[in-house]
Amino acid sequence: MKKLFIITILIIATGIAFFFWQSAPKESSQDNWQSISNDLISPGQILNTELASKKNSQIYTNQKYGFSFEYPEEMNITEFEEAEGDMVLAQISKKEPMPNDNAWFQIFISPFDEEGPMTAERIGRDLPEMMVEEPQNVITGKDNISALIFFSQEPGMNKTREVWFVHNKYLYQVSTYAELDEMIGKVTGSWSFI
């Protein structure tokens, strides 16, 4: 009888401990990102950095800013001036449909007044209305570029994956849909300044 009483007490104590453990405030995803955001990590841990096969990719070279990267062969790239910078837009060619016909990414390049690296705090000062979720500092590209990656979303728009970095007094803002995270990781992972 004494043994049954002790087992019952242990079960009740375990149940109470489990209840308090489950109801305790959890560390948010944002806190987890913040706790490691100062550590530079390999982009392979977050974003895949190599295109699956060289034969399924093309190389884009921008002579004006001196960089190149690999991108999926199903995409076409166009360049144009926009606002106070230049835009590089990659989108699916309508001639060759893909499972995700909305696949695209863009790179906006503009003069920047700091050397870098880019920080969430700097974005907050310059663009206080911009949502910056889960910011993390990473190293990407063949030249080990220090970049800030994060998710963002404007009202009425889809969630985006952002990869921002500074090089030679220019800010590079790489954007795509959040669900294309793996693809943009491969693109930025192949980035090289020439």
message: If packing is taken as the average number of other Cβ atoms within 10 Å across a peptide's residues, how do 160-166, 57-63, 122-128, 106-112 rank, most packed first?
response: 160-166, 106-112, 57-63, 122-128
query: By the gyration tensor of its Cα atoms, with a ≥ b ≥ c the square roots of the eigenvalues, what is the shape of the stretch 122-190: rounded for a/c under 1.5, prolate for a/b over b/c, or oblate?
result: oblate
task: Work out the P(r) tail for the stretch 51-194: percent of alpha carbon pairs separated by more than 19 Å, whole number.
output: 51 percent
task: Provide the packing ranking of 179-187, 151-159, 85-93, i.e. peptides ordered by the mean count of other C-beta atoms within 10 Å per residue, highest first.
output: 179-187, 85-93, 151-159
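None of the figures in this text is laboratory data; all of them are computed from the coordinates on show. All figures in this text were calculated on a predicted structure; none of them were measured in a lab. Every residue, glycine among them, receives a Cβ derived from its backbone with ideal geometry; neighbour counts consider all protein chains shown.
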